[in-house]
1. What fraction, in whole percent, of alpha-carbon pairs in the chain exceed 38 Å separation?
2. Enumerate the residues in segment 16-36 having an amide nitrogen under 13 Å from the point lying 7 Å beyond the Cα of LYS309 toward its Cβ.
3. Okay, helix-only estimate at 222 nm for the chain: each DSSP H run of n ≥ 4 adds -39500 (n - 2.57), divide by all residues, round to 500 deg cm²/dmol; what do you get?
4. Could you please rank THR39, THR6, placing first whichever residue has the fewest other Cβ atoms within 10 Å of its Cβ?
5. Could you please rank PHE258, PHE80, PHE22, placing first whichever residue has the fewest other Cβ atoms within 10 Å of its Cβ?
6. For segment 150-229, with the dipole built from +1 on Lys and Arg beta-carbon atoms and -1 on Asp and Glu ones, taken about the Cα centre, which of THR191, LEU225, LEU157 lies farthest toward the positive end?
7. Using DSSP to define loop residues, name the trypsin sites (Lys or Arg not before Pro) in segment 198-285 whose beta-carbon has at most 16 other beta-carbon atoms within 10 Å.
8. What are the DSSP H helices in the chain that stretch 20 Å or more along their long axis, judged by alpha-carbon atoms, and whose average Kyte-Doolittle hydropathy comes to at least -1.0?
Amino acid sequence: MTTLQTRHFSAFKNELSSHYGFKSGYCFLDLTLGDGGHTEEALKAGCRVVSFDLDASAIQRALDFVPKDFPSIVIDPETFQGTISTDFVWVIIKSNFVKVTEIAKQLSLPKFNGLIADLGPSQFQVLSPGRGFSFLIDEPLDMRLDNTLGVTAADLLAVLNEGELADLFRIADEPFSKPLARIIVKQRQLTPIATTKQLADLVSRVKKFQIRGRIHPATQVFMALRMAVNLERDSLRQLLPQLPDLLLKNGVMGIISFHSGEDKLVKDFISEMEEQQVLSAINTKPIEPSDKELQISQRTRSAKLRLAKKIN
């Protein structure tokens, strides 16, 4: 059973239903399963769904949260032998989404009427103890979504020089990148910055008189480190070119991003595909969370959804 009972709130579920036109027989690809919110919307509408997630605990949570009415099979492509039934209901693939084209060929997956990639970590991942994502829990600065990765957030804080740290913090739109990089370099000469509390306190000390409101002053620094540790921008760059070929003609793709750097990568990719007459942007400006969604979850406040349709 799940160890954190509060389910992650999946942004833009209403937009998915309206823009994708979910219906029976529709084949949907959820590249970021998480707690299964987007997958469940598609399943309830009668779609057949293929979901990706590298995190075994996330897969188990999705299986716990999604109603048992939908038969599922979990596949590890590294060890799977055999074939998938052509009338599957829900296939869960334990893998990084950057391998989606390779795995689709390996498993003879169909082309999809629609797909979604939600680039934010789930609430469970952020709040789970021992992972080092949250400034709300004092623990080692790890931040790896995949514990086979070699570099932790503490490692980056220990080895990057001042300029490299400032550049890193800018990828999450941190306005105090330079002073934060400077104080981290000074502090680590006295003692290693190894825990979430050490880093959060350091950031708060620099920003407490400049930044006020409900957003914790360390939010952007923690986001930047998480993105760097998990190679998130590189993964997005690898993923985007694969998406059009996964879709049927008139199929819809959607990307949910959480900061300007990711959103720009998605925007530029869609523009490039429009020039090549492969995709057509459905929305010229990103869709942002409704007031109703923000009342349910402030975590979605920075979410942006871009949609495009395959035209060729």
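1. 15
2. Only 19-21 pass the distance filter.
3. -11000 deg cm²/dmol
4. THR6, THR39
5. Least crowded to most crowded, the residues run PHE80, PHE22, PHE258.
6. Final value for the positive-end residue is THR191.
7. For trypsin sites (Lys or Arg not before Pro) across segment 198-285 that sit outside H, G, I, E and B with at most 16 neighbouring Cβ atoms in 10 Å, the list reads LYS208, ARG212, ARG214.
8. Helices meeting the criterion: 260-275.
Rule-based calculations on the coordinates, nothing more; no lab input. This one's a predicted model, so the numbers in the text were calculated from it and none came from an experiment. Positions of Cβ are generated from backbone atoms using ideal geometry, with glycine treated the same way; all protein chains shown enter the neighbour counts.
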